[in-house]
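**Q** The structure under discussion is supplied below as structure tokens; questions concerning it will follow.
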Amino acid sequence: MTQRRAPRARAYAPDPDAPGRLCDHPGCEELGSYRAPKSRLALNSYFWFCLDHVRAYNAKWDYYKDMTPGQIEAQLRADISWQRPTWRLGSNGGTHAAQEELLRDPLLHMDGRPPRSHAFREAIEAPSELRQPLGVLGLTWPVTMDTVKARYKALAKKHHPDATGGGDGAAEEQIKLINGAYTALKRHWPADERQPAAATS
């Protein structure tokens, strides 16, 4: 036979911490078994009422009583931040630069666009060793390996000896620069992103 659980205490069951004295309502002879805060400025100081009088007290309770509209607005705003102080960016003893550093978004995840791949570096400024290769390919940082590959293919095709008629020393020098730039950039990416573009000699 299944044993039945003990009945659950009702929401309006007497407070177990009641002091065992009469109701604070004048003339009431019932026990004061239910607490009610005395005011919004003394939320931890209580009246103790019987059930009927605590219901009546709660029905008339107005937290914002005697407050001006401006005070009510200020109270609501404070409640939004759990009564904790707030301040403008760059204030409260911190410099604007320090606050900007806290909000630094190197992977551009917060700019409204989809998250970027790990091919993006931690800094928006290109690493010094990549600036010249990026310049050769006409690219700006940050950039993905897919973009590097696409630009390399386009430039290699444009400056290939077959496209320039051959025998052009300037074109041959340019294709060497393009190949060197692509090789330098390719070394910078993780191995799983280094699938080579079509080689061009």
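The values are calculated or read from the model by the stated rules, or taken from the named source; none is laboratory data. Since we're looking at a predicted model, the values are computed, not measured. Positions of Cβ are generated from backbone atoms using ideal geometry, with glycine treated the same way; all protein chains shown enter the neighbour counts.
**Q** Go through (1) out of contact with any His (no Cβ under 8 Å at 6 or more places or on another chain); (2) surrounded by 14 or more Cβ atoms within 10 Å (Cβ to Cβ) for residue 49 and report which single condition fails.
**A** If we test residue 49 against (1) out of contact with any His (no Cβ under 8 Å at 6 or more places or on another chain); (2) surrounded by 14 or more Cβ atoms within 10 Å (Cβ to Cβ), just (1) comes out false.
**Q** Turning to a different aspect of this structure: Look through region 168-201, keep the residues that are among the charged types (D, E, K, R) and not in a helix (DSSP H, G or I), and return whichever of them is modelled with the lowest pLDDT.
**A** Of region 168-201, the ones among the charged types (D, E, K, R) are 168, 172-173, 176, 186-187, 192-194.
Checking which are not in a helix (DSSP H, G or I) leaves us with 168, 194.
Values: 168: 64, 194: 47.
Among residues in region 168-201 that are among the charged types (D, E, K, R) and not in a helix (DSSP H, G or I), the one modelled with the lowest pLDDT is 194.
**Q** For region 54-75, state whether one or more residues are of a type in the set (A, V, I, L, M), under 25 Å from residue 13 (Cβ atoms) and in contact with a Pro (Cβ under 7 Å, 6 or more places away or on another chain).
**A** No, region 54-75 contains no residue that is of a type in the set (A, V, I, L, M), under 25 Å from residue 13 (Cβ atoms) and in contact with a Pro (Cβ under 7 Å, 6 or more places away or on another chain).
For (1) closer than 30 Å to residue 67 by Cα; (2) at pLDDT 70 or above; (3) assigned by TED's automatic domain parsing to the domain that holds residue 61; (4) in contact with a helix residue (DSSP H, G or I) (Cβ under 7 Å, 6 or more places away or on another chain), each residue gets a yes or a no:
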site: 1; (1), (2), (3), (4): no, no, no, no
site: 5; (1), (2), (3), (4): no, no, no, no
site: 21; (1), (2), (3), (4): no, yes, yes, no
site: 29; (1), (2), (3), (4): no, yes, yes, no
site: 32; (1), (2), (3), (4): yes, yes, yes, no
site: 36; (1), (2), (3), (4): yes, yes, yes, yes
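**Q** Here is a follow-up. Taking region 27-46 as the region of interest, how many residues are over 12 Å from residue 57 (Cα atoms) and basic (Lys, Arg)?
**A** So the count comes out to 1.
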